[in-house]
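Nothing in this text is a laboratory measurement; each read-out follows from the coordinates by a stated rule. Note that this is a predicted model, so its numbers are computed, not measured. Don't worry about glycine lacking a Cβ; one is built from the backbone with ideal geometry, like all the others, and counts go over all protein chains shown.
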Amino acid sequence: MPRMAGATHSLSLHSHARSGSEGDGASLESGDSLPAEDRDLLLRLQRQALQYFLDNQMPNGLMLDRQHNHGPRRAHGLCSMTATGMGFIGLALASTPPYCLISTKEAATRIGAGLRNVLEQLPHDQGVIPHFVDSATGEILGVDYFSTVETAWLAAGALWAGSFLQDSELESLAVRFYRRINWCCWTGEAESTGREARSAEDSVARSALLRHGKSRDGQFLYHCWDRLNGETAFMYLLAAGADDGQAVSTECWTRMEPCYGTVAGLRFNNADLGLFVFQYGLDLLDLRQWRAPGTVDLLHDARLATLANVRACRESATSFTTYRHYWGLSAGDGPGEPPETDIYRCYSPAGPVDGTAHITATLASVAHDPHAVLENLRQAERAGPPARGRYGFSNINVDRNWIGRDMVGIDAGAAILALDNYLAGNRVRAIFHALPCVERGLNRLGFSRTTSKIASGTAIEPVRKAS
């Protein structure tokens, strides 16, 4: 594992005292007015993130969950369905300007291979597929043998890529996969596992919610997706937009619960979680154009969460040298205890906090605070080659003299979605919202149009048909 060069430049974490910017519900910013140097940096990082999916699609068409960011690459590993869904979007984007890393024909061929493998080789239960698949043996692994959220990401990526590439064969495969999912069979109160009995009111509330999945023995996992955030929002939209008889109840959105807390003096929904829940699916949803039912403002929460994350790291700078230079608390790898060198932890401002900064996770928050994100990236650039690997920036812990070994596929995927929206006129969201099932889901769940105007951004390039 590479060792980190000494970081000698102190990061000045600004006060964010921008008039009218905190909590005003303003539209997401676009990158069209960036200085050329900053735009070039973001485009270089975007190309590196896209390269992750070009390099790590296995012969079975699925994407590796993680890969070494430094040193020799793994030949095999676990394939993740969320990484694969994000990877389908990445492959499609890689074939078009401003990236042009592969042809549209190659993108369509690669995505088609993955979809055919999922449809013809992977087991499913009412359309729901596994979380992890061993790329060498095909063995299904993980507690969630069948996973609803992984299935949702595969569906979203496949539908998006087929529409974006205007490839009728891909669209047909994607629709076939999506229409196979019987979402309503995955809702309801989880069976008792000896836990404290729930109230009748709570049981009714959970009856409309999607379960996490099933175990290998076919038993439903105990938990439901009951939190309203960027991890769940897009999934319920897809599930509500399904065919009659397969869609979830229209009550599902209002049955999800906000979970408010306070971090660094700011109160917002899901304050106990890291950056990723304020990214991911929110880069598919255009919440500037559409207002969700209820009182929770997910876009507002995402902006506050980014600000709170910066502040929390600044407040911890007296305890950890890392946070004098960098910020970024989100689920990901950190330094392990011997003999382990790396271990996955659910980092967040609420803890654990051990001096680890997730640089790539901050990249996916670029629209929420471009200044803080770019300052973080420039600081990581100055740290030298050890911090930046073949697919972008590794996680950093200055206090432990540690650089993360791997790039995680879903971190690269989240960055790709966020950067393309920021640099290319919101086109990831535009394509997603044009999908018929998404339009149905918006209408059924009671989303309403807002009066916000789309940020100018860079003009969306016409999509070329795969040829």
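Details
- This ranking places 407, 256 by how few other beta-carbon atoms lie within 10 Å of each, fewest first, which gives 256, 407.
- For the range 53-193: rounded, prolate or oblate by the Cα gyration tensor [a/c cutoff 1.5]: oblate
- Overall form of the range 230-384 per C-alpha gyration tensor (a/c, 1.5; a/b vs b/c): prolate
- All-pairs alpha carbon distance profile, the range 317-457, 10 Å steps from 0, percent: 11, 35, 28, 17, 9, 1
- Cα centroid separation - the range 57-77 against the range 272-300, whole Å: 30 Å
- Segments 362-370, 420-428 sorted - mean Cβ within 10 Å per residue, highest first: 362-370, 420-428
- Mean Cα-pair separation over length for the chain, i.e. relative contact order, pairs under 8 Å, 6 or more apart, %: 22 percent
- Whether the range 54-129 is rounded, prolate or oblate, judged on the alpha carbon gyration tensor where a/c under 1.5 counts as rounded: oblate
- Option label - Kirkwood radius over Cα pairs in Å computed here, alternatives (1) 22.3; (2) 24.7; (3) 23.5: (1)
- Order by protection proxy (mean Cβ within 10 Å, highest first), peptides 144-154, 314-324, 216-226: 144-154, 314-324, 216-226
- Relative packing of 61-69, 372-380, which averages over residues the other C-beta atoms within 10 Å, highest first: 61-69, 372-380
- Of the DSSP H helices in the chain, those whose Cα atoms cover at least 15 Å axially and whose Kyte score averages 0.0 or more: 81-94, 148-165, 298-315, 409-423
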